[in-house]
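These notes are about the structure you will find just below.
Taken together, the values in this text are just the output of simple stated rules run on the coordinates, not laboratory data. Predicted model, so just to flag it, every value in this text is computed and none were measured. Virtual Cβ from ideal backbone geometry, glycine too; neighbours counted across all protein chains shown.
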Amino acid sequence: MTALLLRDIRLAFRATGGFGLALAFFLIVVVLTPFAVGSQTELLSRIASGMLWLGALLACLLSLDRIFALDFEDGSLDLLATAPLPMEGLVAVKALAHWVTTALPLVVVSPLFGLMLSLPSEGFLPLIVSLLLGTPALSMIGAFGAALTVGIRRGGLLLSLLVLPLYVPTLIFGAEMARRGMDGQDYTTPALLLAGLSCGTIALLPFAAAAVLRVNLR
Amino acid sequence: MMNLSAHELSVARGGLPLLQSVNFRLDAGRALMLRGPNGIGKTTLLRVLAGLQPPLSGRLETTSDSVAYVGHADGLKSTLTVSENLAFWASIFGQTGIQAALERFNLTSLQNRPAGMLSAGQKRRLGLARLMVTGRKVWLLDEPTVSLDATNVVLFTDVLRDHLDAGGSAIIASHLDIAIDGIEKLDLTTLRVDLETVDFLGEALL
């Protein structure tokens, strides 16, 4: 399993690996938002946490179809399915690799991007914590969606349609936690719900995604 | 010792039955050739044997985790080098040491080249070298000699013969004759499902 994780991370950093894609998209959203909002710093800092969450979520979505489609096209997925590696483990590792190469960099740069959106200083810690708690759910749900659409060529649109509704709870609690932190309110409840969402998806979705993959490989 | 056997196996592709009453027994050290025209179901049968899809009916006897499958695609990552690709598969199958496989398939001089820069024949050789690092007993080979030149077909036959001598076995779907003594042949033409006589529509519509 470690070998698969390391390979996926290595592939992401090689040419055409798509490592910078999500990050670049996130940067574009953050750079353009102040232009769209206009010269109202007060308004900008009020919507900063929501915009950062939305940007991170869409950036995550952008690279989901790579999780299984590339391995399916070059035949690796068939070979991995015959390897002594449980399909559930394969899905979990793939989701983890997606989180490490896509979501984790977004979490790391989020304070900097918060600065660009004039996020109030007390909002930084809750924002980072909310992204850390919530992005595993985004990667896991995304891996499930990618498993559902793996046999379909150009399945990106279908994947987005399937995955976006499932992302809504994570977005609600994540943005709520970041907003409460920004306003100096107590954010324990959304933090717990967010952590629960991530734990729940990590516990259940590998099994669902593995079942779906087995059907799609037939 | 028996490595794999099939009893009254029938297989389907996309809900459409292709082959029925497939019976064979593959002992250690033996190889079986699957023969038949395009579209008869050689690949589907191999995928069933590899456990990638369930049979329609019948029974398959095999020890778990004993097969290594080579399909039409080689499963190579074009941005990884030859040795990185091979080392990845070796560690997935819990094996170490890729040098023997590289040398056997004349890939040592290419080992630091990205797999994307290889020719079709070189890619195939790397795909076949993967078999040697799986440590599996039963090789399921779907058109293994495609894009190999005559020299490399001989090279591959030698590797296959050594594998059989070491107690392994192989099932090969190929249109080319493979020069191995005592290779059994299974002609799939006679096992084709006559679609006129089978009511497959009922299940296909489910």
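Is the range B:96-152 best put as rounded, prolate or oblate by its Cα gyration tensor, with a ≥ b ≥ c the root eigenvalues, rounded for a/c under 1.5, and otherwise prolate when a/b is larger than b/c, oblate when not?
Taking the square roots of the gyration eigenvalues as a ≥ b ≥ c, the range B:96-152 is oblate.
Need one value for B:44-55: mean number of C-beta atoms belonging to other chains within 10 Å of its residues' C-beta atoms.
2
What lysines could a cross-link reach from B:Lys77, if we take a straight Cα to Cα line under 18 Å and drop same-chain neighbours fewer than 8 places away?
Correct list for B:Lys77: A:Lys94, B:Lys123.
Scan chain B and note any complete DSSP helix (H) whose C-alpha atoms cover at least 18 Å along its axis and whose Kyte-Doolittle average is 0.0 or more.
Length and hydropathy pass: B:150-165.
Ignoring everything except DSSP H segments at least 4 long, calculate the 222 nm mean residue ellipticity for chain A; use -39,500 (n - 2.57) per segment, divide by total residues, nearest 500.
-27000 deg cm²/dmol
Calculate the mean, over all residues of peptide A:77-88, of how many other protein chain Cβ atoms lie within 10 angstrom of the residue's Cβ.
Per residue, the number of nearby Cβ atoms from other chains is 6 on average.
Quick check on packing: order A:167-174, B:173-180 by the mean number of other C-beta atoms within 10 Å, highest mean leading.
Top to bottom by mean Cβ count within 10 Å: A:167-174, B:173-180.
Please sort through the DSSP H helices of chain A and keep those with an alpha-carbon extent of at least 27 Å along the long axis and a Kyte-Doolittle average not below -1.0.
Membrane-span-like by this rule: A:19-37, A:41-62, A:124-148, A:156-182, A:188-217.
Determine the percent antiparallel among the DSSP beta bridges restricted to the protein assembly as shown, to the nearest 5.
Bridges in the protein assembly as shown are about 45 percent antiparallel.
Could you compute the FRET efficiency for B:His175 and A:Ala15, with r as their C-beta to C-beta distance and R0 at 30 Å, rounded to 0.05?
0.20
Is the shape of the protein assembly as shown best called rounded, prolate or oblate, per the rule: a/c under 1.5 gives rounded, else a/b larger than b/c gives prolate, else oblate, with a ≥ b ≥ c the square roots of the Cα gyration tensor eigenvalues?
Verdict is prolate for the protein assembly as shown.
Count charges around A:Trp53 for me, please; just the other residues with Cβ under 12 Å from its Cβ, Lys/Arg as +1, Asp/Glu as -1.
Taking every other residue near A:Trp53 into account, the sum is 0.
Once label points are set 7 Å from the Cα along Cα→Cβ at both B:His72 and B:Arg192, what is their separation, rounded to one decimal in nm?
So the two model labels end up 1.9 nm from each other.
Taking 7 Å along the Cα-to-C-beta vector as the label spot, tell me the A:Val100-B:Thr63 distance in nanometres, rounded to one decimal.
If labels sit at A:Val100 and B:Thr63, their model points lie 3.3 nm apart.
What lysines sit close enough to B:Lys185 to cross-link, taking a C-alpha to C-alpha distance under 21 Å and skipping anything fewer than 8 places away on the same chain?
B:Lys42, B:Lys137
If packing is taken as the average number of other Cβ atoms within 10 Å across a peptide's residues, how do A:99-110, A:51-62 rank, most packed first?
Output ranking for A:99-110, A:51-62: A:51-62, A:99-110.
In a shell of Cβ-Cβ distance under 15 Å around B:Thr79, excluding B:Thr79 itself, what net charge do Lys and Arg (+1) and Asp and Glu (-1) give?
Spelling it out: positives minus negatives among the neighbours equals +1.
Taking only C-alpha pairs under 8 Å that are 6+ residues apart, what is the relative contact order of the range A:79-195 in percent?
31
For B:Gln95 and A:Met1, what does the FRET efficiency come to when R0 = 22 Å and r is the distance between their Cβ atoms, rounded to the nearest 0.05?
Efficiency at R0 = 22 Å is approximately 0.90.
Between A:Ala211 and A:Thr41, what FRET efficiency follows from the Cβ-Cβ distance if R0 is 45 Å, with the result rounded to 0.05?
0.35
Can you pull the mean other chain C-beta count within 10 Å for peptide B:91-97?
4
Let me have the 222 nm mean residue ellipticity of chain B computed from DSSP H runs of 4+ only, each contributing -39500 (n - 2.57), with the sum over all residues rounded to the nearest 500.
Mean residue ellipticity, 222 nm, calculated: -8000 deg cm²/dmol.
If you stretched the chain out fully between A:Leu132 and A:Met116, how much longer would it get, using 0.36 nm times the residue separation minus the C-alpha to C-alpha distance?
3.8 nm is the gain from fully extending A:Leu132 to A:Met116.
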